[in-house]
Amino acid sequence: MLVENSGAGPGKRAAEAQDSGAGGKRRRGDCPESPFDELLGQAGCTLSSGRDGCEYEVEDPRKLRRLLEQKLTLNGELRASFLAGLQEQLAEVPVLHAALKPMQVTGNAPITGDSFVRVLLNVAPLQANVSQMLLERLPEFCDAQGEEAPLPQLILGQFRWLDHVADPRALTDKLLEVLPVCPEELKKDAITFLPEVATEDDHEAVIRALEEMMGEEAFILPSIEALANLCLTPEQQSRVVGMVLERFCTAAAEDLPAVARFLLQYGTPADGELKKVVGTLRSLHFVSPCDPRLAVPDRKQKGRVLGGGDSPDYRLLEAVKQAMQLNPAAADAVVREIRGTTEPDAHRILDLWLLLVMLTLGADRRKSAEAILRRKFADGHADAAWLRRAITGHERVMLEFFPQLLSLAQQLLRNTSVPVQGTGVELFCCLFQHFTESYNQQEVLRALHSHLGAQVPAETTAALQVLLQLSDNHTDTLGRYAAFLTNILDYIDSYSDHQVQQVFAVFGLLVAGACRQADGSGTSNDAGGRSRMEDELMIFVRKQLSSAQGQHRRIGIIGTVALVQRLGAAVGVVPEPESAIGKRYREAMHALQDTFHSCRHSPEAFAFLCDELTRGIQRKAIGARLIGDVHKMLASYLEDTFFCFLKEGVQLEVADAAVHVGGQRLEAELWWNLDGDTTPVALRLLPLLAEELALDSNSAPLLSLFSTLRLMAALELALHQNLDAVAALLGCPLNLFDPALASPQQFKSLPTEQRRGVLLGLWYALNWCRELANCFAGQLAPNGQGEDSVQLKLFGRLRCCCQLEAVLDVLLQHAPPLFTLPPLANTLDSSPANLAAAAAAAAPKKAGAKGGGKGGKGGKKKAVKFEDDGDKQSSGSPGAGAASRHTTSGGGGSTVQATSGGSMQAPGPAATQGITEAAAGGLGRLAAERWKQRSLLLPALAVLGVGAAPGQEHPCYAMLPSAAYLLADVHSKLKATLAAARRSSFPGRAPKQQQLAADVGELSTEQLLGALAPVLPAVRRHLDAACNIIDQELGEAALQEQDRANFWELVAAGGPTQPSAGGGGGGSLGEAAAACMAALDQPCAAAALSPVAAASRHARTLPPLGRHACSMTAGPRCHPADEVRTLALDCARQLLQWPGLAEPANRPVLRAFLAAFQTDAAAAAAGQEAEQGPPSDADLAKMVRSCFLYFIAPLPELESDQPTCESPSHQHACLLMVDALLGLMPKVDPEPTERSLKIRRQMSKRISCAAEAVLKQVVVDSSGKDLGGAVWKGRGPLLADVLRLYLSHYGTRRGDGGGSPVDAVLDLACNRLPRVADSTKAKEASEAVDPFPSLSGNTVSIWYRVCLEQLQVGWEGVAAAAAGAEKHGAAMKDEEALETILGGMQASRAGGSCASAFCALMSVVKRQTQRVAIHVQAVKSGGKFLLTFFKTLPFWSQLFPERQEAFQEMVKYIQRGTRTLQYLCSEGKFRKEMPLTARVPAVKRTVERFMFLIKAFLTEANAGGAFWMGSLKHRDLTGREVPSQMYTEEDAEEDEGEEEAGESDYEDEEMGDTAGDDS
């Protein structure tokens, strides 16, 4: 029974409306019960009043629901009465509140927690009316207070999770109707309720309503949640994503994670939707915690500080991670967007964060993210500043990704790319700096330790660089973990010099930091800040210094110098005597002094100590105080040990005038006195040599002479900025033996010890002159201008080097047994393995050799032989000379050993017969010992400008020998530094990088080019002078007369030979010039100094590359003029072919090169432009064209038939340079005009014509005899380059009867290559094919390979054009474009194509049955051709109905080539040609695939009748049919899989009426 509240107002409690009747019930008079009361009474539901107000009681809620459904489903009148009674009762607020609360179950029924209203809503007949009734009353309670406040939420709560919705549309419409008048919080609840009642038909209305609601910031998040729960169509979803994307920027920071998750999760790649989403997401700007716009704790610090996991930034990343997991397309879109960003400044902080999120999404995503980062840093698209921005200020967020950041840093550090490793270094430093917890910093150091012991030198160097930066910038912090760093000393034995320097630099900084900290804390008077780490370090260093092994002593010396450097830089000029750092510095200086004195007994160690100090001074790593202290220690040592004073009249003292060597007296003489009567001292070479060669002598002070001189010069420059104190050393004479002893006749008659003395004296004199050039060349300007006296003396010292090398090269043939020249690089590495490796790398290799073994592959390398074939001496390892006394050091008695620190110089890839003879042993012994020399430093390049100043009217031909000497050194440095620019003639063959000496091992490309750019005009003048001698055939007398009139007379008179020449009287300069021109009375020395030597200037005696190749040729030495031309051209080639030359940072070098190598008129114009400022791209293009004309001028004309004596090597270099200049045109002129394009075509045409002329030219010797194809013997790579240029540029000659490169290949394959004799006999193989003297049996394999390569290039271009046309439907309708593509594919009567050229080249194999190289190349390239053909089938599938005949014609040509391939496979297997049979299985599979693909293609095109398969007869290459196909017993034991592949050797496909042709 229910209580009626007829007189109660809506605001009164139900208890106030009840009377005191029995049971608390009241009726409306005596009226009968209403249907509402009656139905509820039947169900056992009553409204009772209690202490807490009204509440509904029911016996069983399920019974109530069943009863109402039974009674009201079909009885509309009863239903209307029930609803009227319900509305009347719920009109009172207390009753409504009770109806919304869970009912009390009075029976035994289970408690469901349903309210009275919820039971009514689950009754289908009542749901719509009750819903409308409740929702209409929502606005009534929007502003309610007290007990009425929770009513709106209770009303909405009744609609959640209903069992069913009878009329969803009505409920949705009603909810949307009352939604605008609801308060904010109620709207949010209502919005999230919409997806539970709205059906798919109502989604459009819901979307419109939510779109209006999202105009307010507060409703963005609930609207997104509601939209996410709707089942939308793709169109609706795209609309919703766009709608949310428009309001992305207006969302609150707390809502951004949900918004981003929604956009990434529901965005699709269609129409670039995800691209827009990711782009909008990347536009977010993140502020640092110090930003004033962020909320901060209150002044009492009671506000809540967000942790990393609670910050909006981290929640955003978590939301993005969830979206990427649910929608993989979102991760792909992020990858594409970040990968497409190529500017470093365009990268956002969020980019790195998103990649870090991807690192947590599994192995595939992690690898993809790491690859993106590596590629970006390697290509320069991103830098370390991006990483630092993403971490700085966001440490709390990034702390959650610390493991990923640390793993990323390790991955970057392991990479071989220098920019990537540099980024890894910066990331490690950033992690250590910003994550200040001890655990994080220890993890960073732990990760670094895994790289410190790596076997990859670059990785170890990068890890040490991290520690060096940390010790420099965070000394105190890193000092707390010093105990962890001492473990580095366990790996130090395997470190290089530079790495050992890094290690001790780290410890030096830590020691200095500890001392500063001790001084600051006032503890310096006690322990002085000394730590356990410092004690262990000093013990380790002293232990290494006391070792008898050179390798350990090397580490000790580097450690001592590094510690002194760091402490000296920190102590200042005047240290406080009682400070901790002052004490440490004094201790380190005592250690250095002890090292200095102990190393005097070991010249190798002392030399290494001097070199180490010199490098520190040059790097400006040594403070002024330390420089002064070292200068005091060294001041008197150099003078007292190595020099003697001369008497009046430039005479030696009696003690130095003669010595005893090997028990016999040797008279001393002064060599090369450049200072005349004014010289005060002489170099005591002979007395020191006698001391070294004496019996039981362990002294070899001359080994340290050169390092001591270099250190002294560096100290003088650092202290006084000049070399006035040691200026006398440049021109002082050398105290040596009688020059007559250097003649081969007298040398052979000398005793063994004296022969040793002569060779060692020449060797030390040579390196003394080289070291003088290193020390004093810095007094000149970079272009060689300077004081005349210094210029002349440097010029004279280089002429001395030329003579000494020539004499040594001759005398080494008669060296005593077991004699080796001592290495002067002084690396103190006593490992015999390193010595052998260094010598083997320096020794010239045999031309074309692929390895040291017999087979050229996989065999062991033979030891380098230093002895002559005529001497009965043991060869073996280079350490065999350790037994000789001159190689024995003092102290520990360790022998002098060599390492990779020596200057290794190897010939280029185009080795010649001269290099082959040198590798076998003979006249090239000095080249094998060249790595032991003291290296020439970059300042020595300035001597190239001596005698070749821009204002000098006439060249000085006497300068050519010294120019050749310097250019040889430049050539070797360029090969080592610009290794990436060296282009190998054979595709896929990587050039072997050349090693540099230890003193130039850190030479960078920028340093080398910076030193070379100022002397490029001098190189040009030397090149012109050399060409004048060769072209005009000037004699030696004529050259001397020209030099005397145009140069030496001006020098003697003090005239303006150089625009900036300094003082010096005319008489003194004349005497110096005469002294510089003095030469030894030896034929080899005279030949080395003469611009025109007795050697004939013929192709067969001229090596292709390098001065060292020249000096190693058998027979007479080629003259300096030709050396200058060869070396200058090849240096210019290396520069032009370097890919980085056109980069903006190297534009000054490019401009200097182009200005130097131009025609005379163009050079003058370039000089005027240089005065006006940097040239524009148009000016650079003009300079490139002028330089092109300069280098193409020496090349022969195509129409000329005159024989020549010119070496193909020089022409090859010129061709490569003009080709490189043509490649520069697009870089300096990126937006060409029609005229510029025409000029480029003309340049390309001239290259092709010049290359063809080189191939057709007739080379003769001095007697006019035609050398034929012999001139190209040993020059395979050169011939391949020339032929490649001829064919690749042939397409620009269409107007002159030419065609495409494929046409030229077809002509060669049909008319030239088949005419080569199929014989390997010397006479027949050397017969040339008219009109190409370069084409013979000796070179046909090269021609064949290049033709196949160029055919493949053209074929791939056609296939790419076909693929592009197939993807674009419009191109398939362009008849002109189609004809171009088809013309390149198919064959016609009018011309050739790729298919016909392929067939013709395969037919050449039948005429060259004895040359396996051709067979291998045919099999290799034939498979590639077929694989490329497969890519064109989609194109033909669209074109086949209209072009069926063209397709069949093309396939017929290719089919004939495949038949030859099958013959080759069978022939190679029968002959057991291993290079060929290794490729047979893959080629057979490709041929079979070709057959079945053609069959499938024709079947799909309804042209299967055009294809049928028949039997292919077993024939050999000559076309003869093989009578038996039975295998021999040995063949039957071959691999079963290969036999199965071979079953198809006798089958082939046939098309059309050519099916019966089996030839």
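Answer yes or no as to whether D1229 is surrounded by 17 or more Cβ atoms within 10 Å (Cβ to Cβ), modelled with pLDDT under 90 and under 30 Å from the mean Cα position of the chain (by Cα). Yes: the conditions hold for D1229.
Which members of the stretch 1326-1379 meet the condition of being of a type in the set (K, R) and under 30 Å from P1314 (Cα atoms)?
Answer for the stretch 1326-1379, where residues must be of a type in the set (K, R) and under 30 Å from P1314 (Cα atoms): just R1345.
Hey, can you tell me all the residues within the stretch 1132-1147 that are open to solvent by 10 Å² or more (accessible area, probe 1.4 Å) and not hydrophobic (A, V, I, L, M, F, W, C)? Selection gives R1133, Q1137, P1139, E1143, P1144, N1146, R1147.
Given the condition surrounded by 19 or more Cβ atoms within 10 Å (Cβ to Cβ) and within 20 Å of A505 (Cα to Cα), answer yes or no: does some residue in the stretch 453-460 qualify? Before the answer, list the steps.
First, the residues of the stretch 453-460 that are surrounded by 19 or more Cβ atoms within 10 Å (Cβ to Cβ): 459-460.
Restricting the remaining residues to those that are within 20 Å of A505 (Cα to Cα) gives 459-460.
Within the stretch 453-460, one or more residues are surrounded by 19 or more Cβ atoms within 10 Å (Cβ to Cβ) and within 20 Å of A505 (Cα to Cα).
Which of the residues belonging to the stretch 617-645 are open to solvent by 30 Å² or more (accessible area, probe 1.4 Å) and touching a strand residue (DSSP E or B) at 6+ places or on another chain (Cβ under 7 Å)? Within the stretch 617-645, just F645 meets the criteria. Scanning the stretch 398-412 for residues that are buried (at least 22 other Cβ atoms within 10 Å of the Cβ) and farther than 17 Å from Y439 by Cβ gives L408, L412. The residue that is farthest from V277 (Cα to Cα), among those in the stretch 195-229 that are open to solvent by 20 Å² or more (accessible area, probe 1.4 Å) and outside any helix (DSSP H, G or I), is T199. In the stretch 1299-1336, the qualifying residues are those that are without any contact (Cβ under 8 Å) to a residue 40 or more places away in the chain and outside any helix (DSSP H, G or I), and the one that is most open to solvent (accessible area, probe 1.4 Å) is K1321. Determine whether E771 is buried (at least 21 other Cβ atoms within 10 Å of the Cβ), among the acidic types (D, E) and in contact (Cβ under 8 Å) with a residue 40 or more places away in the chain. So E771 passes the test. Can you find a residue that is touching an Asp or Glu at 6+ places or on another chain (Cβ under 9 Å) and modelled with pLDDT under 90 anywhere in the stretch 453-472? Checked against the condition, which is being touching an Asp or Glu at 6+ places or on another chain (Cβ under 9 Å) and modelled with pLDDT under 90, the stretch 453-472 yields at least one hit. Among residues of the stretch 628-645 that are under 16 Å from A713 (Cβ atoms), those with a Cβ under 6 angstrom from a residue that is part of a strand (DSSP E or B) and open to solvent by less than 30 Å² (accessible area, probe 1.4 Å), sequence gap 6+ or separate chain, pair up as F643/V681. When the stretch 694-712 is filtered for residues that are open to solvent by 10 Å² or more (accessible area, probe 1.4 Å), in contact with an Asp or Glu (Cβ under 9 Å, 6 or more places away or on another chain) and in a helix (DSSP H, G or I), the ones remaining, listed by number, are P701, R710. Total residues in the stretch 1247-1276 satisfying the condition of being of a type outside the set (A, V, I, L, M, F, W, C), at pLDDT 90 or above and under 35 Å from the mean Cα position of the chain (by Cα): the figure is 1. Number of residues in the stretch 1232-1258 that are open to solvent by less than 40 Å² (accessible area, probe 1.4 Å) and in contact with a Ser or Thr (Cβ under 6 Å, 6 or more places away or on another chain): the value is 3.
If I go through the stretch 1214-1257 residue by residue, how many of them are part of a loop (DSSP other than H, G, I, E, B) and touching a strand residue (DSSP E or B) at 6+ places or on another chain (Cβ under 6 Å)? Break it down into steps so the answer makes sense when it comes.
So the first thing to find is which residues in the stretch 1214-1257 are part of a loop (DSSP other than H, G, I, E, B), and the list is 1229-1233, 1257.
Checking the rest, the ones that are also touching a strand residue (DSSP E or B) at 6+ places or on another chain (Cβ under 6 Å) come to 1257.
Here the count works out to 1.
Of the residues making up the stretch 647-705, those that are modelled with pLDDT of 85 or more and of a type in the set (D, E, K, R) are R665, E667, E669, D675, R684, E691, E692.
Scanning the stretch 1393-1415 for residues that are among the β-branched types (V, I, T), surrounded by fewer than 20 Cβ atoms within 10 Å (Cβ to Cβ) and not in a loop (DSSP other than H, G, I, E, B) yields a single hit, V1412.
Against the condition closer than 26 Å to C599 by Cα, touching a Ser or Thr at 6+ places or on another chain (Cβ under 9 Å) and open to solvent by 20 Å² or more (accessible area, probe 1.4 Å), how does T614 come out, does it pass?
On the way: closer than 26 Å to C599 by Cα: yes; touching a Ser or Thr at 6+ places or on another chain (Cβ under 9 Å): yes; open to solvent by 20 Å² or more (accessible area, probe 1.4 Å): no.
Criteria not met by T614.
Pairs are defined by a Cβ separation below 8 Å, a sequence spacing of at least 6 or placement on different chains, a first member in the stretch 535-547 that is under 15 Å from L485 (Cβ atoms) and of a type in the set (F, W, Y), and a second member that is surrounded by 13 or more Cβ atoms within 10 Å (Cβ to Cβ) and at pLDDT 85 or above; the pairs so defined are F540/L489; F540/G559. For T486, the test of being farther than 29 Å from R554 by Cβ, in contact with a Leu (Cβ under 9 Å, 6 or more places away or on another chain) and hydroxyl-bearing (S, T, Y) is failed.
Condition check ((1) out of contact with any Cys (no Cβ under 8 Å at 6 or more places or on another chain); (2) not in a helix (DSSP H, G or I)) across all residues:
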| residue | (1), (2) |
| --- | --- |
| A190 | no, no |
| E235 | yes, no |
| G242 | yes, no |
| T250 | yes, yes |
| A253 | yes, yes |
| V259 | yes, no |
| L264 | yes, no |
| L274 | yes, no |
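Among residues of the stretch 76-135 being under 25 Å from R169 (Cβ atoms) and without any contact (Cβ under 8 Å) to a residue 40 or more places away in the chain, the one that is surrounded by the fewest Cβ atoms within 10 Å (Cβ to Cβ) is G76. Remark: pairs (first residue in the stretch 394-419, over 19 Å from K367 (Cα atoms) and among the aliphatic types (A, V, I, L, M); second residue modelled with pLDDT of 90 or more and open to solvent by less than 40 Å² (accessible area, probe 1.4 Å); Cβ separation under 6 Å; 6+ apart in sequence or on different chains) = M398/I391. Before we move on, is V357 touching a residue at least 60 places away in the same chain (Cβ under 8 Å), buried (at least 19 other Cβ atoms within 10 Å of the Cβ) and farther than 30 Å from A482 by Cβ? No; evaluated as a whole, the condition is false for this residue. Would you check if F706 is touching a His at 6+ places or on another chain (Cβ under 8 Å), closer than 24 Å to P823 by Cα and touching a residue at least 12 places away in the same chain (Cβ under 8 Å)? Here the answer is no, as F706 does not meet what is asked.
Within the stretch 323-336, restricting attention to residues that are in a helix (DSSP H, G or I) and open to solvent by less than 40 Å² (accessible area, probe 1.4 Å), the residue that is nearest to S417 (Cα to Cα) is V335.
Select from the stretch 661-674 the residues that are part of a strand (DSSP E or B), out of contact with any strand residue (DSSP E or B) (no Cβ under 7 Å at 6 or more places or on another chain) and not β-branched (V, I, T) and list them in ascending order.
Listed by number, the list holds a single entry, Q664.
Please list, ordered by residue number, the helices (runs of 4 or more DSSP H) wholly in the stretch 924-1016 having 2 or more residues that are in contact with a Ser or Thr (Cβ under 8 Å, 6 or more places away or on another chain), farther than 19 Å from G784 by Cα and modelled with pLDDT of 80 or more.
Working: elements: 925-929, 960-977, 1005-1012.
Per the criteria, 925-929, 960-977.
The values are calculated or read from the model by the stated rules, or taken from the named source; none is laboratory data. Note that the coordinates shown come from a computational prediction; the quantities given were computed from them, not determined experimentally. Methodologically, a virtual Cβ is constructed for each residue, glycine included, from the backbone with ideal geometry; neighbour enumeration extends over all protein chains shown. Just so you know, the surface numbers come from the protein's heavy atoms only, side chains and all, with ligands and any DNA or RNA stripped out. Shrake-Rupley method; radii C 1.70, N 1.55, O 1.52, S 1.80 Å.
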